[in-house]
Amino acid sequence: MSQFERLTIDDIARLAEVSRTTASMVLNGNAERYRISAATVERVLQVARENHFTPSQSARSLRSRRSNTIGLVIPDLTNSAHAALAQAMESQCREQYRYQLVIVTSDEDPVRETEGIAHLVSHQVDGLVVVPCTADAPRYEKWVKRLPLVFADRRVETSAIPFVITDATETVATLVGEAFAQGAREVVYFGGQPELSASRDRLAGYRLALQTHGLEEHADWVFQRDYQRESGYALMKAWFEAHGRYPEALFAGSITLLEGVLEFVNEANALAQSPGRLMTFDDHQLLDCLPLRIDAIVQDSAQLAAHSLRCVFSLLEGDAPPESLQVPAQIHYRRKR
């Protein structure tokens, strides 16, 4: 038997010595409408305050058919980019829409992701924002008849589900292209899962930079695995051991991959030696504290969150299907240009 006591409206009514109907009307803000006396209202509210009672959200949802919650499914809360998106979305949900954000993580596991979506749907969230971890459209499309669903940060190209993503290709092309323009003859690329749209967009930017500068891609320049820190470490270790040196320049497709790269560089050389130029997708304030000057692409988490929520609420209100869009990114330069 649980040691915790769960109070109901019946308990509040009994303690306040009123009917259940009266207690319910007071606690749900309908006292004035039904002309309940001020003294009765104060007595019910006082009992509720003393017992830290909040009306059941489930009961409210049944009456209004709205739970005032939005679900967010992201791969990993330890990833600073996804954490920034979640933070921006939580504050905007609360401040602009008076909604509560409920977050689950997929750990880049499709099965766990599906379970997380099912959990949120079973708890009657009013809409979903998903950072998809697969390119398997049917996994997501089965939910769109149940509630509004929008992709953020990544898209599924074979799906009609609207998405809000960062314009990665042009920004990566600009940053990597500047490395070539300033004399780099070798830029190695470490990326994530090739089936993900974010991976394809970032690699497309890298290859666009090569094309713009009339360069051919070398066999030992592009490596893709996943976005885990361990992969950044393993890729850097393998490249270093194969060549006996660091690459002239390196672009890491995510901050987590960069963390793995830096872990190896620190372990092997205490950061005294490293790739001649380091670049990464996603930024973090800790990069300001490193002896290495790392240029980073900064996603606009606030805009990603704002447009994603706008799409969800547009669908929720039955408006015309929202258009997918790309949000511009910026480059945080730490090297002298």
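The values are calculated or read from the model by the stated rules, or taken from the named source; none is laboratory data. In this text the structure is predicted, and so the values were computed from the model without any measurement. Counting neighbours? That spans all protein chains shown, and the Cβs are built from the backbone with ideal geometry, glycine included.
Here are some notes:
- Qualifying positions in region 95-132 - among the hydroxyl-bearing types (Ser, Thr, Tyr) and either assigned by TED's automatic domain parsing to the domain that holds ALA198 or under 13 Å from the mean Cα position of the chain (by Cα) (or both): THR105, SER106
- Residue within region 147-165 that is buried (at least 21 other Cβ atoms within 10 Å of the Cβ) and of a type in the set (Ser, Thr, Tyr) present: no
- Test: residue in region 255-264 that is in the same structural domain as ALA179 (by TED's automatic domain parsing), under 15 Å from the mean Cα position of the chain (by Cα) and at positive phi: no
- Set side by side, the residues ARG112, ARG98, ARG154 differ, and just one is touching a residue at least 24 places away in the same chain (Cβ under 8 Å) and more than 30 Å from HIS218 (Cα to Cα), which is ARG98.
- Of everything listed in (1) assigned by TED's automatic domain parsing to the domain that holds PRO194; (2) out of contact with any Gly (no Cβ under 7 Å at 6 or more places or on another chain), the single unmet condition for VAL172 is (2).
- One residue stands out in region 57-95 among those that are of a type in the set (Ser, Thr, Tyr) and surrounded by 13 or more Cβ atoms within 10 Å (Cβ to Cβ): the one that is modelled with the highest pLDDT, namely SER91.
- Qualifying residue in region 174-181 (condition: charged (D, E, K, R), under 30 Å from LYS336 (Cα atoms) and in a helix (DSSP H, G or I)): yes
- Just one of the listed residues (ALA135, ALA160) is of a type in the set (Gly, Ala, Ser), in the same structural domain as ALA320 (by TED's automatic domain parsing) and either assigned to a helix (DSSP H, G or I) or under 19 Å from the mean Cα position of the chain (by Cα) (or both), namely ALA135.
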